[in-house]
Amino acid sequence: MSDLTLYGHRPSVYTRVARLVLAEKGLSYDYREVDPFDPDAKAEHRTPHPFTRVPLLEHDGIKIYETVAIARYLDAAFPTPSLTPDAPRAVARMAQVISIVDAYGYWPLVRQVFSQGVFRPADGLETDKTEFAAGLAAAEGVLEALETVAVEGYVLTGDTPTLADCHLAPMIAAFAAASEGRAALTRRPALSNWWCKWATRSSMHQTDAGFDAAHPES
């Protein structure tokens with residue numbers, strides 16, 4: 001038994017962020033699947049998160065929630081291999097990518113494009129085309145900002161993993177599961193190059209919830 005326990009929901013991109021960090025650091029852990037959307041779930045399937053969200057990490061008597069806090073904790077508590085760069089500019093860009101994803105990227109990439117274009121059809125539900133189109137439009141600015149970071153080369157190179165990669169990859173995997181998302185990504189060469197490298201990492205295969213695009217395009 002591991003002394004690390006992660007409570008999560010497999011379709012959740014934020015659960016996948018935490019699982020990617022654990023995988024990239026080579027850490028073993030107990031995984032407990034919970035359903036934050038079912039208020040009537042049995043006790044063993046309820047999240048211990050005080051706001052009924054996921055993920056939540058338990059380690060050595062402490063419970064940590066909020067994905068950024070979990071990722072930072074794992075990287076500090078288990079320092080090898082480090083997922084935080086040494087150079088100050090790279091650290092700043094890493095934090096910037098994570099903030100871009102949370103503040104501006106999650107909603108259009110995941111909740112609009114992925115949910116409306118992939119998740120709902122897979123569940124036999126109708127796509128809200130207005131929401132889907134709005135997500136694609138909003139994603140343009142997000143992708144442009146990330147492309148600028150990738151071109152600069154401090155992070156998002158695809159060669160040296162950081163917390164920025166782990167935070168962004170689940171969002172791009174969801175977005176690129178829609179053909180329109182993949183097309184938008186291909187218009188950003190540096191970001192596409194990063195994604196082609198990241199999409200084939202073993203950590204991505206280990207954490208795939210079944211929605212990843214089979215063949216990400218460069």
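The values are calculated or read from the model by the stated rules, or taken from the named source; none is laboratory data. This one's a predicted model, so the numbers in the text were calculated from it and none came from an experiment. Cβ atoms come from the backbone with ideal geometry, glycine included; neighbour counts cover every protein chain shown. Heavy atoms of the whole protein, side chains included, go into the accessibility calculation; ligands, DNA and RNA do not. Shrake-Rupley method; radii C 1.70, N 1.55, O 1.52, S 1.80 Å.
List of remarks:
- Only listed residue being loosely packed, with under 14 Cβ neighbours inside 10 Å and within 24 Å of residue 191 (Cα to Cα), chosen from 95, 87: 87
One line per residue, one yes/no per condition, for (1) at pLDDT 95 or above; (2) in contact with an Asp or Glu (Cβ under 9 Å, 6 or more places away or on another chain); (3) not aromatic (Phe, Trp, Tyr):
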site	(1), (2), (3)
51	no, no, no
62	yes, no, yes
73	yes, no, no
82	yes, yes, yes
119	no, no, no
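- Among the residues making up segment 62-82, those that are over 18 Å from the mean Cα position of the chain (by Cα) and closer than 20 Å to residue 33 by Cα are 62, 63.
- Listed here are the helices (runs of 4 or more DSSP H) enclosed by segment 122-188 that have at least 2 residues being over 16 Å from residue 97 (Cα atoms) and open to solvent by 10 Å² or more (accessible area, probe 1.4 Å): 129-152, 179-186.
- Residue in segment 22-45 that is of a type in the set (A, V, I, L, M, F, W, C) and under 13 Å from residue 163 (Cα atoms) present: yes
- The number of residues in segment 1-36 being open to solvent by 20 Å² or more (accessible area, probe 1.4 Å), touching a Leu at 6+ places or on another chain (Cβ under 9 Å) and of a type in the set (S, T, N, Q) comes to 2.
- Cβ-Cβ under 6 Å pairs, at least 6 apart or on other chains, segment 77-93 side touching a residue at least 40 places away in the same chain (Cβ under 8 Å), far side part of a helix (DSSP H, G or I) and among the acidic types (Asp, Glu): 83/75; 84/75
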